[in-house]
1. Return yes or no: is Tyr87 surrounded by 14 or more Cβ atoms within 10 Å (Cβ to Cβ), in a helix (DSSP H, G or I) and without any contact (Cβ under 8 Å) to a residue 40 or more places away in the chain?
2. Based on what the data block shows, is Ser19 more than 20 Å from the chain's Cα centre (by Cα), under 16 Å from Leu131 (Cβ atoms), in a strand (DSSP E or B) and at pLDDT below 90?
3. Evaluate segment 64-80: report whether one residue or more is closer than 30 Å to Gly238 by Cβ and either buried (at least 17 other Cβ atoms within 10 Å of the Cβ) or modelled with pLDDT under 80 (or both).
4. Taking only segment 141-156 into account, find how many residues are over 19 Å from Thr21 (Cβ atoms), touching a residue at least 24 places away in the same chain (Cβ under 8 Å) and not small (Gly, Ala, Ser).
5. Whether any residue in segment 153-165 is in contact with a strand residue (DSSP E or B) (Cβ under 7 Å, 6 or more places away or on another chain) and modelled with pLDDT under 95 is what I want to check.
6. Quick check on segment 227-237: of everything there that is surrounded by fewer than 18 Cβ atoms within 10 Å (Cβ to Cβ) and in a loop (DSSP other than H, G, I, E, B), which residue is modelled with the lowest pLDDT?
7. Can you list residue pairs whose Cβ atoms sit under 8 Å apart, with the first residue in segment 260-271 being in the same structural domain as Gly249 (by TED's automatic domain parsing) and the second being surrounded by 14 or more Cβ atoms within 10 Å (Cβ to Cβ) and not in a helix (DSSP H, G or I)? Count only pairs 6 or more apart in sequence or on different chains.
8. Residues in segment 238-254: is at least one touching a helix residue (DSSP H, G or I) at 6+ places or on another chain (Cβ under 8 Å), crowded, with 18+ Cβ neighbours inside 10 Å and not in a helix (DSSP H, G or I)?
Amino acid sequence: MIRSMTGFARSLFESQDISMTVEIRALNSKNLELNLRLPYSYRSWEDELRTAIKPQLLRGKVDVNLNVKQQGAAAAAELNKDVISDYIQQLREIADVNPAELLPIATRLPDALQSAEVLPDYNQKKEVFGLVQQAIKQLINYQTVEGQAMTKDLNAQIESIEEGLEQVNNTKDHRVQQVRSKFQDNLKSLAVEVDQNRFEQELLFYLEKFDINEEIVRLRQHLLFFCEVMNNETETKGKKLGFITQEIGREINTIGSKANDASLQKEIVQMKDALERIKEQLLNIL
């Protein structure tokens, strides 16, 4: 199954003392760009978190945010007495007022209140890693659902190319006959005698430059291979599908350069349009 590279997931844990939230946001990228934003006290777990996340989110620009808030008694703030005293002293230099009147102002100034630092313990670590796994699971589910919609669109574009290829295949022989008839009419208009054997040799040599049978066969194989890779069970297939798409594009371009026929060129343009839509989708496939 195809997975998208984009998605968002959020997991939450709350208790009387603490609230923890893990958010994961993923965007498309050629490789895995993993960015972790953790509170200062939790940064010692960063390497372990990276090790746990990387095998599951293989490509994309991934931002993992951990937000922690103390609640209840753990969130109670303490007065920073030294800072408040210094504020009051500075305020009294500006205005000769009773310190009691300046106290409400000083307590609202920066760093007047401070929360006691609570260091994370093993139980918190267990909860954090559990939240990360929950968020990853949600993200993968989201990417899988989005990938199913992308698969339908890719199949529709491949079918469009196959239909155009069949039209090209059905008209290629008629194109050869048109070229032959055109040459014969031109020779007749010259009113000169022509060696028929030599004419056939030169005509065959000329028509070889416009032969697209090999390109048609190769393009069919590339389209078949694309579908096989898209439907297999491999986790990551975006890059491989991209390589196959390049080969599909080469064959379509070669057929177009050899077509020398207005009706074939119309089919080639439609095939190229479908191919561009495939390329756009592949930019977001894991």
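The values are calculated or read from the model by the stated rules, or taken from the named source; none is laboratory data. Worth saying up front: this structure is predicted, and the values here are computed from it rather than measured. Heads up, the Cβs are rebuilt from the backbone with ideal geometry, glycines too, and the neighbour counts pull from every protein chain shown.
1. Working: surrounded by 14 or more Cβ atoms within 10 Å (Cβ to Cβ): yes; in a helix (DSSP H, G or I): yes; without any contact (Cβ under 8 Å) to a residue 40 or more places away in the chain: yes.
Yes.
2. Details: more than 20 Å from the chain's Cα centre (by Cα): yes; under 16 Å from Leu131 (Cβ atoms): yes; in a strand (DSSP E or B): yes; at pLDDT below 90: yes.
It is true that Ser19 is more than 20 Å from the chain's Cα centre (by Cα), under 16 Å from Leu131 (Cβ atoms), in a strand (DSSP E or B) and at pLDDT below 90.
3. So in segment 64-80, the residues closer than 30 Å to Gly238 by Cβ come out as 64-66.
Narrowing further to those that are either buried (at least 17 other Cβ atoms within 10 Å of the Cβ) or modelled with pLDDT under 80 (or both): 64, 66.
The answer is yes; a qualifying residue exists.
4. 9
5. Pass one, segment 153-165, residues in contact with a strand residue (DSSP E or B) (Cβ under 7 Å, 6 or more places away or on another chain): none.
Scanning segment 153-165 turns up no residue that is in contact with a strand residue (DSSP E or B) (Cβ under 7 Å, 6 or more places away or on another chain) and modelled with pLDDT under 95.
6. Keep residues of segment 227-237 that are surrounded by fewer than 18 Cβ atoms within 10 Å (Cβ to Cβ), which gives 227-229, 231-236.
Pick out the ones that are also in a loop (DSSP other than H, G, I, E, B) and you get 232-236.
On the way: Asn232: 84, Glu233: 75, Thr234: 72, Glu235: 68, Thr236: 75.
Among those residues, the one meeting the criterion is Glu235.
7. So the pair list comes out as Asn260/Phe210.
8. Scanning segment 238-254 turns up no residue that is touching a helix residue (DSSP H, G or I) at 6+ places or on another chain (Cβ under 8 Å), crowded, with 18+ Cβ neighbours inside 10 Å and not in a helix (DSSP H, G or I).
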